[in-house]
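Here's the structure we're looking at; comments come further down.
The numbers here are math on the coordinates, done by the rules we state, and not lab data. Being a predicted model, the structure only gives us computed values, none of them experimental. Virtual Cβ from ideal backbone geometry, glycine too; neighbours counted across all protein chains shown.
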Amino acid sequence: MRILLVIAILWCYQNAFSKTSAIIEDQKTIYHVRSRGSFAISEYSRIKILDENGYDYAVFHDYYDKFRRITSVKLTIIDAAGNRVKRLNRGDALDVMFNDSYELGDSRRLILDPKYRNFPFTVELEVEIDYATFLDFPLWVPRAGNDVEVKSAQLILEHYYGFEFRSEQINGIGEPTVGFDKNVKTLTWTVTNLPAIPETLNARLFFDEQPQVKVTPIEFNLDNQWGSFRTWASFGEWFLRLNNGRDKISPETIKVLNELKSSAGSQHELVRSVYEYMQKKTRYISIQLGIGGFQSIPADEVERLGYGDCKALTNYMMAMLKQLDIKSNYVLVQAGGNARDVSFGTPSNQFNHVFLAVPMGKDTIWLECTSQQSPASYLGTFTDDRHVLWVDENKSKIIRTPAYKADENKRLTSAIANFDEAGDAKITLDVKETGAFYNNIMAYQHLTKSRQEAYNYSKFNYKDFTITRFDFTTPAPGEPLLQLSYEMNVQGLAKSVGGKLLVPANLVASIENEITYDVQNKKTEVRRAFTIEDNVIVSVPENYWADGIPLPVSEKSQFGTLDITITAHQTNQFRISRKLVVKKGLYRGEQFDKFYEFVRKLKSQEQTKIVLQSKT
């Protein structure tokens, strides 16, 4: 089966700009549940490929591992005249590592490329997949992308009598039709005539509005470890049971922990000290061996090897805190800067990551154990502001992680800009970034010098400039504070017109660097509130005087605020102070129109000029 990792939006947003590159003429996906613990998938697809942009829909690619076998693949190409011109099967497929960045893994990937490009043509694909054990069933999403139409698609669940499951129809898919025979009950969900649709802002929004069906078994079996999705608490119990007894640590580590305890002034300080010790001692790798996707390698093995995946490093940290009689909890999360939130009304496996929480009375210390840079309690955009599963014995539950406020997601820039009579400027900037902006530390610590340079150049909107010096530091160890320093030469930043010099009121980054919007489809999202403050000292040539200084600006709306003041600082110097606060929100339709008008006002203010008149 070609797993359709679908990114699309609800068909009601279609318009004349949608483009069709492929048409799913017929698709049938069958989930076979023949007995307790037995699961298989059959899929048939007939897809017309119209052009090069749709070619990817003609290429089969899927993974297999210890628990999931691709038993059969048949791919047939039919030309525009209806002739069968190619037949391929599993033996013709390229068999490669699933992801060569995984250091330890047993998943592999099959790729079957027909290498046929006489458009239009039709591909027929038949796939059989057998699961030795399973945790959950794949989410069914019939539309495979914004540029594909779906004429007819069906999901069919065939199961034995007595099989317990939940099903959820999302975004316009109706209730299934039900059929019976002597041994099997069938449920069939059908969608027809889904058109191609415009692209949207990001993968999460695209996917959230896609028609889909979720089927979740109440009982599951992964490598003979039976569990239940009856409640979130029962799933938490399975996870705890799977990782129980893997917390042994060495006498040498116990000695270090006792030394840290004796020097710590408080429990908070002790937790942070142990966390920093763990960060220095270990590094992250991904481990996808067998049940390793859910079960941690033992803590003493992490000690010996010096590495582990998210479960192993979290378990190791938990084991050290346990030695110090400090309780901590696993937290399961769908991680990522733009990840989907958990559908918390339906217990199921919706997680791709685990980290640690240490409850401290009314406070909680959050520990991202896979990071060697993140300070204690720093969630960043990886795990902030979303529903997660707090794993606790007999009382696992869904909670929400903290959201950074506008005054926590802050970029503060102090700059000096020296202009010459041609309008060229030498600029020195010092930038402090906190909250979500601190995520930039990952780019600076892990990117090569050339990629760091490209990243820096992408931050500024100047047309012609050179960064002559750059440096970054974390001036407050243990705090999410990143300091960036730049020196640059900017050509033609001010315009010389008729003996006047026109200096832009905004000399740093445009609001458009922080906000993405889709005017065509009237949609935008500000995922995280933020604050940007600029304080710039502008020095101009001595033979110029201020012919026009813009009045103070104060824009206030439901979406945020902008305040700009420009004042004389010293002879031939001006101070430009700008503070922009943008609130969190998802805006569509009329709300988008209002938001877009707000952004247009901000851009208009950015284009304001300070007018300097020459004395000569």
Within a Cβ distance under 10 Å of Glu149, other residues only, what is the Lys/Arg minus Asp/Glu net charge? +1
Could you calculate the contour length gain from Lys463 to Arg575, that is, 0.36 nm times the residue separation minus the distance between their Cα atoms, to one decimal place in nm? 38.0 nm
Computed [θ] at 222 nm, helices only, for the chain once each DSSP H run of length n ≥ 4 contributes -39500 (n - 2.57): -5000 deg cm²/dmol
Of all DSSP beta bridges having both residues in region 11-222, the percent classed as antiparallel (nearest 5) is 85 percent
Filter Lys362/Lys579; Lys214/Lys459; Lys281/Lys459; Lys459/Lys579; Lys495/Lys603 down to the pairs with a C-alpha to C-alpha distance above 29 Å, please. Lys362/Lys579; Lys214/Lys459; Lys281/Lys459
Report the calculated FRET efficiency for Asn394 and Ala132 (r = Cβ-Cβ distance, R0 = 41 Å), to the nearest 0.05. 0.85
Using Cβ counts within 10 Å as a stand-in for footprinting exposure, how do Glu597, Glu433, Glu276 rank, fewest first? Glu597, Glu276, Glu433
With the charge dipole of region 228-400 built from beta-carbon charges (+1 for Lys and Arg, -1 for Asp and Glu) about the Cα centre, the Cα from Ile297, Met317, Gln373 projecting farthest to the positive end belongs to Ile297
How large is log10 I(q)/I(0) at q = 0.11, 0.16 Å⁻¹ when the Debye formula is applied to the Cα atoms of region 11-222, each weighted equally and without solvent? -0.60, -1.25
Net charge near Thr565: determine it from the other residues with C-beta under 14 Å of the C-beta of Thr565, scoring Lys and Arg +1 and Asp and Glu -1. -1
Size-normalised alpha-carbon gyration radius of the chain, reference 2.2 N^0.38 Å: 1.14
Bridge orientation stat for the chain from DSSP, antiparallel percent rounded to 5, came to 85 percent
To make sure I understand, if each residue's beta carbon is the centre and we count other beta carbons within 10 Å, what order do Tyr307, Tyr161 fall in, fewest to most? Tyr161, Tyr307
For region 228-400, give me the percentage of DSSP beta bridges that are antiparallel, rounded to the nearest 5 percent. 90 percent
So for each of 279-286, 119-126, 441-448, 328-335 I average, over its residues, the number of other beta carbons within 10 Å; can you give me the resulting order with the highest mean first? 328-335, 119-126, 279-286, 441-448
Exposure-ranked with fewest Cβ neighbours within 10 Å first, Ile566, Ile365 stand as Ile365, Ile566
Show log10 I(q)/I(0) for region 410-614 at q = 0.08, 0.13, 0.19 Å⁻¹, two decimals, from a solvent-free Debye sum over equal Cα scatterers. -0.30, -0.80, -1.39
Length released on extending from Met360 to Thr565, taking residue separation times 0.36 nm less the Cα-Cα span: 69.5 nm
The answer for the net charge of residues other than Lys579 whose Cβ lies under 9 angstrom from its Cβ, with Lys and Arg +1 and Asp and Glu -1, is -2
So how long is each side of region 261-418 along the principal axes, counting just the alpha-carbon atoms, biggest first, in Å? 60, 45, 33
Using 0.36 nm per residue of separation minus the Cα-Cα distance, give me the extension gain between Ser485 and Asp181 in nm, one decimal. 102.2 nm
